[in-house]
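The values are calculated or read from the model by the stated rules, or taken from the named source; none is laboratory data. Since this is a predicted model, take the numbers as computed values, not measurements. In this analysis, Cβ positions are derived from the backbone assuming ideal geometry, glycine residues included, and neighbour counts consider all displayed protein chains. What goes into the accessible areas is simple: the full protein's heavy atoms, side chains included, and nothing from ligands, DNA or RNA. Shrake-Rupley method; radii C 1.70, N 1.55, O 1.52, S 1.80 Å.
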Amino acid sequence: MTHDTHTVGFTMHGGGDMTIQGITATATDIGRRIDVLEFDGPGDPGSNLELARVRGADFRKEFAATGTPTQVDTCDLVSLPYPTRFGLFRASRAVAPLLSITNRMLVIRWNDSDGRPRVLLFEPSDVELGRNTAYFAELTRRTPTMIGNRMVTEHGRVVDHLARLGIDPSEVDYLVFDHLHTQDLRRWVGTSTFQTDLGCRPPAMFPNAKVIVQRDELLAMSNLHPLQKPWYQAESYTDLNPNVFAPIDGSVLIGPGVALIKTPGHVFGNQSLVLNTSTGIWASSENVIAAECLTPEHSTMPGIARWSTRWQQEVVLNANTIETTAHQYNSVILEKAIVDRSQKDSRFLQFFPSSELTPTWTAPGTKPTFSHQSITHRA
């Protein structure tokens, strides 16, 4: 990809090969490395927190000059139950043990400087196969069927959404996830052998797409820690067709107004999507589950604002895994420094949770004060 609108602070990104579970993933040149975010702090989390604020603000100024994509669409995939103690980390006083989150896919389109059209799917989850994740399989087993059925709503499949938008799967260039928790990619990128549980050797639904992923996460998946195992479907990656991954190290500008920034903490190789749109700059990840978790002082959910003040916590994390919590906190501060304020309500920021807190009668006390529900952009 070449894009010449803005070059200050960005350099070409490349790398060597790597192997995960028998798959050789060749690092290709994906966009331009964002130099201002390639910083090694002094090591202590407090100093790195302040550095994240400064570098985020610096990047924000540069990123606004890179242009905008041509189109952004939001596609609802599924609403499902999620433990309150994970999604509203220690802050909520709601009695409901489970809240509801809605997983959504973003479809981003732009043209390279040579006029070539590009399509990127952010969070294109295979909802059906995602249910096999160890944690959610156990949660389903323990949840009464009646409650589970009421809390799970499938809104639409990835391929159906693309058809509605007039996009053929062969036109998709990139598949991107903020991290690979719950993800089973076999039907998206194909496998090299027959899959007993699927009853076939699935062809690639997206034959021309590369999976852009942080190298750190691929390396972690080759030898998962016990804290990580309930959330990954690592065994589903064993027979993926070779060279489907485009691993990156750090933050990259992919297209005009389209960037992936490294935001470690939720997992070691976490990354966030950053978009420059007609309403300003957005970020999207699963680091928090509601926009108000970045400005908890404005939350009306029970306990959130009080907890934030009492414990001097500037953000409320989505903390289902606590691999490196201080890093995740600092990553959310980085996201907070980059995005614009919402034009609908300036108390809240244009942070779009890839899994957004959704009101439901089965979870009293977890109705969000404010929801984005979508990002829509036309150049």
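The figures follow:
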{"item": "Restricting segment 213-228 to residues that are of a type in the set (S, T, N, Q) and touching a strand residue (DSSP E or B) at 6+ places or on another chain (Cβ under 7 Å), the residue that is modelled with the highest pLDDT", "result": "Gln214"}
{"item": "Matching residues in segment 113-160 - criterion: being closer than 23 Å to Asp197 by Cα, β-branched (Val, Ile, Thr), modelled with pLDDT of 90 or more and open to solvent by less than 20 Å² (accessible area, probe 1.4 Å)", "result": "Val158"}
{"item": "Condition broken by Leu80, with the remaining ones in (1) closer than 30 Å to Thr376 by Cα; (2) in contact with a Phe, Trp or Tyr (Cβ under 6 Å, 6 or more places away or on another chain) satisfied", "result": "(2)"}
{"item": "Sole exception among (1) touching a helix residue (DSSP H, G or I) at 6+ places or on another chain (Cβ under 7 Å); (2) open to solvent by 30 Å² or more (accessible area, probe 1.4 Å) for Ile101, by number", "result": "(2)"}
{"item": "Given (1) in contact with a Phe, Trp or Tyr (Cβ under 6 Å, 6 or more places away or on another chain); (2) buried (at least 17 other Cβ atoms within 10 Å of the Cβ); (3) among the charged types (D, E, K, R), number of the condition Glu217 does not satisfy", "result": "(1)"}
{"item": "Output for segment 312-324, where each listed residue is in contact (Cβ under 8 Å) with a residue 40 or more places away in the chain and either open to solvent by 10 Å² or more (accessible area, probe 1.4 Å) or assigned to a helix (DSSP H, G or I) (or both)", "result": "Gln313, Asn320, Ile322, Glu323, Thr324"}
{"item": "Residue in segment 287-311 that is surrounded by the fewest Cβ atoms within 10 Å (Cβ to Cβ), counting only those that are closer than 18 Å to Gly56 by Cα and not hydrophobic (A, V, I, L, M, F, W, C)", "result": "Thr295"}
{"item": "Segment 340-370 - residue that is of a type in the set (A, V, I, L, M, F, W, C) and at pLDDT below 95 and, of those, farthest from Leu317 (Cα to Cα)", "result": "Trp361"}
{"item": "Number of positions in segment 258-279 that are over 17 Å from the mean Cα position of the chain (by Cα) and surrounded by 24 or more Cβ atoms within 10 Å (Cβ to Cβ)", "result": "0"}
{"item": "Looking only at segment 161-190, and only at residues there that are out of contact with any helix residue (DSSP H, G or I) (no Cβ under 9 Å at 6 or more places or on another chain) and not hydrophobic (A, V, I, L, M, F, W, C), the one that is surrounded by the fewest Cβ atoms within 10 Å (Cβ to Cβ)", "result": "Gly166"}
{"item": "Residue pairs meeting the criteria (Cβ under 6 Å; at least 6 apart or on separate chains; first on the phi > 0 side of the Ramachandran plot, in segment 276-292; second open to solvent by 10 Å² or more (accessible area, probe 1.4 Å))", "result": "Gly280/Asp340"}
{"item": "Checking Glu335 against (1) in a helix (DSSP H, G or I); (2) open to solvent by 10 Å² or more (accessible area, probe 1.4 Å), the condition it does not meet", "result": "(2)"}
{"item": "Selected residue [over 18 Å from Ala91 (Cα atoms), surrounded by fewer than 19 Cβ atoms within 10 Å (Cβ to Cβ), in contact with a Ser or Thr (Cβ under 7 Å, 6 or more places away or on another chain) and among the hydroxyl-bearing types (Ser, Thr, Tyr)] from Thr362, Thr376", "result": "Thr376"}
